[in-house]
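**Q** Could you have a look at this structure, given as structure tokens, before my questions?
The values are calculated or read from the model by the stated rules, or taken from the named source; none is laboratory data. In this text the structure is predicted, and so the values were computed from the model without any measurement. Here the Cβ positions follow ideal geometry from the backbone for every residue, glycine too, while neighbour counts run over all protein chains shown.
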Amino acid sequence: MKKAWQHLEEVICVVIFIVMLVLGFSNVVVRTMTNYSLASTQEIVINGMVALTLYGSAIAIKRGQLLAVGFLIDNVTVKVRRLLQVVISVAIISTLVVILYYMVDLLSNQYQLQIRTSALQTKAWYYTVILPPAFVLMIIRQLEWLSTQFKRPA
């Protein structure tokens, strides 16, 4: 179970990428063999790219690979490093909480108003529902990263 939790984002990204790959390839094959296009699949692929970006960000946070954080933290004393790690984590988590709040609000509005997508005419919240868990995962991964930084020897 621990191993599944450690690789949750990677598994989600692989599944999303495979769906995007199959749809994109299918569109190319259909365009090549016929005069038709599966242009409506673009809607799914674009939403997949958004989800891939968010879950990929959770992977970057988990691995401590956020841009500029290393530059700030690596060249200071241990005391200042710990302080910066907390300040950076608070800033990241605060930002993610605000975005999560608005994402849940968007999801709620899409669900209540029964907004439909333009190409496939599916309910828009079907795509949006996979995004809030990404923000929750990013928050959890940032807290995990911070706790591992304090467990490391100085």
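**Q** In the stretch 49-58, is there at least one residue being at positive phi and small (G, A, S)?
**A** no
**Q** Can you tell me which residues in the stretch 89-144 are in contact (Cβ under 8 Å) with a residue 60 or more places away in the chain, of a type in the set (A, V, I, L, M) and farther than 21 Å from G64 by Cβ?
**A** Within the stretch 89-144, A119, L120, I130, L131 meet the criteria.
**Q** Moving on to the next point. Output the residues belonging to the stretch 120-139 that are in a loop (DSSP other than H, G, I, E, B), over 19 Å from E10 (Cα atoms) and not small (G, A, S).
**A** Hits for the stretch 120-139 are L120, Q121, T122.
**Q** Just the residues that are outside any helix (DSSP H, G or I) and either in contact (Cβ under 8 Å) with a residue 12 or more places away in the chain or surrounded by 15 or more Cβ atoms within 10 Å (Cβ to Cβ) (or both), please, taken from the stretch 17-52.
**A** L38, A39, S40
**Q** Consider L131 against the criteria (1) at pLDDT below 95; (2) surrounded by 17 or more Cβ atoms within 10 Å (Cβ to Cβ); (3) among the aliphatic types (A, V, I, L, M): it satisfies all of them except one. Which criterion is unmet?
**A** Failed condition: (1).
For every residue, the table says whether it meets (1) at pLDDT below 95; (2) in contact with a strand residue (DSSP E or B) (Cβ under 9 Å, 6 or more places away or on another chain); (3) buried (at least 17 other Cβ atoms within 10 Å of the Cβ).
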position	(1), (2), (3)
V76	yes, no, no
V97	no, no, no
Y101	no, no, no
Q114	no, yes, no
Q121	yes, no, no
W125	no, no, yes
W145	yes, no, yes
